[in-house]
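Q: After the structure tokens below, expect a handful of questions from me.
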Amino acid sequence: MTPKANRRLWNVVRIGLCVAALAFVIQGVTLEDRVTLQSGEVLSGAVRERTDAGVYEVTVADGSVRAVREEDVAVDEQGLPRIAFGFKSAWRQSHRGLLVLCVVIFLPVVFLLGFRLRLLLAAQNIPLGLFAAIKLSFAGNFLNFAAPLGSNAGDVFKAYFVSLHTARRTEAATTVFLDRAIGLGTLLLVVAALTTFAPRGSSLAVLKPYLLTLITLGGAAIVAYLSPGVRRWAVPRKLLARLPGYEHLRRIDSTARELAKRPGIVLGAVGYTLMLQVIAMGAYIVVAKALGLRVELRHVPEYYAYFATGAVVQALPGPPQGLGTVELAYRVLFGPFGSASQIVCMALGIRLMTLLCALPGAFVVLTGGYRPRPAPATEMSPPPEPSGTPMPELACEASMPPSPGPAVSPAPARELR
């Protein structure tokens, strides 16, 4: 198949995956609330909160209000009433103040991304101003939404933007992807720790074997990659040297190994990652709380792990921004905490929140703010001196006494021709 046909086939697969995932998610989404009674009857309408007398008031389709006692409502496996709030109620009953608060909480994440990128570039001796690094982070976050390549689009464009600021373009672009790798690796380590120390019987126990296996394989791969003995035995240097892009491969490899030699910078990048992840997950939990999902303090580790799983799904190749696949993951993981409509609203709310915080990146992209600033006039080389006026260095040399040494007779005129 030609490369063009391969791209078309991949686009068809991505769209098909997105449609299939969204179709499964939407199956449980309703506009109205649904109450399942012990008798098996399902009431559809608008449910008011339970009164002090333990009675739910349900406004059904014909406008009449039906009182339902709490003991008449069926319960699920966890003993909770089987009341599924619909899309309308999820938004109507949402806490507007918390929805605004989540945007304020999430905004510092982009700045921390800029701090981390600047730190990693310093490991390669690539100077980048803090303001420029923050602008590039905003631009990358915005292009995650605006470009059709998915959640990796921002990294692709950011690698290009960063390369404009230095002559070492390969090293700069490689550092951007190492930045992403550190972010995902730290995320997996935190979730693995949460699952390892989770109490017995917790829902996180389901993720434990998969995460520990993934972490073990990833750690073994990193150790093998950095081991000189393994590299001498496993890397076919003579074969690689024949490849057209061998020089770029060599520089990419050198960039990664150079970063591994700077543990202080790596730990600093991990520290920035932990801070921004805690802030982001906190904002996500506020979104869930605002939309009426069941959130208690003991649920925080589970929410953190489940949102982290959604972030990993979003980073995988597939639909842009993980559209459909992330919602599917949320539907499976957050099922015990809310209805399908609430979970879909939560996913939509998180997407809107991250998009609002990325909008300054649109200004950076449209105005060309990602490009390096031209050097000020004071940093440019001075213009040549007018004829007849000696340069300062030459004037100083002219004023210095001649150094002692053997006299040199002038060359004959014919030798100067």
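The values are calculated or read from the model by the stated rules, or taken from the named source; none is laboratory data. Since this is a predicted model, take the numbers as computed values, not measurements. FYI the Cβ positions are ideal-geometry reconstructions off the backbone, even for glycines, and counts take in every protein chain you see.
Q: Whether any residue in the stretch 192-203 is assigned to a helix (DSSP H, G or I) and exposed (fewer than 15 other Cβ atoms within 10 Å of the Cβ) is what I want to check.
A: Checked against the condition, which is being assigned to a helix (DSSP H, G or I) and exposed (fewer than 15 other Cβ atoms within 10 Å of the Cβ), the stretch 192-203 yields at least one hit.
Q: Got a sec? Which helices (runs of 4 or more DSSP H) wholly within the stretch 327-417 have at least 3 residues that are modelled with pLDDT under 50?
A: Passing ranges, in order: 392-399.
Q: May I pose another question? Somewhere in the stretch 31-50, is a residue closer than 28 Å to L328 by Cα, in a loop (DSSP other than H, G, I, E, B) and not charged (D, E, K, R)?
A: Yes, the stretch 31-50 contains a residue that is closer than 28 Å to L328 by Cα, in a loop (DSSP other than H, G, I, E, B) and not charged (D, E, K, R).
Q: Which one of A67, A153, A173 is within 19 Å of A269 (Cβ to Cβ), out of contact with any Gly (no Cβ under 8 Å at 6 or more places or on another chain) and among the small types (G, A, S)?
A: Answer to the check: A173.
Q: Can you name the residue in the stretch 91-118 that is touching an Asp or Glu at 6+ places or on another chain (Cβ under 9 Å) and not basic (K, R) and is also surrounded by the fewest Cβ atoms within 10 Å (Cβ to Cβ) among such residues?
A: Of everything passing the filter in the stretch 91-118, Q93 is surrounded by the fewest Cβ atoms within 10 Å (Cβ to Cβ).
Q: Just checking, which of G63, G28 is modelled with pLDDT under 75, surrounded by 13 or more Cβ atoms within 10 Å (Cβ to Cβ), among the small types (G, A, S) and not in a strand (DSSP E or B)? Steps first, please.
A: On the way: G63 fails: surrounded by 13 or more Cβ atoms within 10 Å (Cβ to Cβ).
Just one listed residue meets the conditions, G28.
Q: Considering only the stretch 120-132, I want to know if a residue exists there that is assigned by TED's automatic domain parsing to the domain that holds F337, buried (at least 23 other Cβ atoms within 10 Å of the Cβ), touching a residue at least 40 places away in the same chain (Cβ under 8 Å) and closer than 25 Å to A311 by Cβ.
A: Among the residues of the stretch 120-132, at least one is assigned by TED's automatic domain parsing to the domain that holds F337, buried (at least 23 other Cβ atoms within 10 Å of the Cβ), touching a residue at least 40 places away in the same chain (Cβ under 8 Å) and closer than 25 Å to A311 by Cβ, which makes the answer yes.
Q: Another one. Can you pull out the helices (runs of 4 or more DSSP H) entirely within the stretch 211-280 that have at least 2 residues that are under 30 Å from A358 (Cβ atoms)? Give the steps one after another, and end with the answer.
A: Values: elements: 228-234, 237-240, 246-260.
The qualifying helices (runs of 4 or more DSSP H) are 246-260.
Q: Here's a follow-up. Within the stretch 179-233, work out how many residues are under 19 Å from the mean Cα position of the chain (by Cα) and touching a residue at least 24 places away in the same chain (Cβ under 8 Å).
A: Number satisfying all stated conditions: 12.
Q: Those residues that are surrounded by fewer than 23 Cβ atoms within 10 Å (Cβ to Cβ), touching a helix residue (DSSP H, G or I) at 6+ places or on another chain (Cβ under 8 Å) and in a helix (DSSP H, G or I), I need them from the stretch 287-307; list them, please.
A: Answer for the stretch 287-307, where residues must be surrounded by fewer than 23 Cβ atoms within 10 Å (Cβ to Cβ), touching a helix residue (DSSP H, G or I) at 6+ places or on another chain (Cβ under 8 Å) and in a helix (DSSP H, G or I): K289, H299, V300, P301, E302, Y303, Y304.
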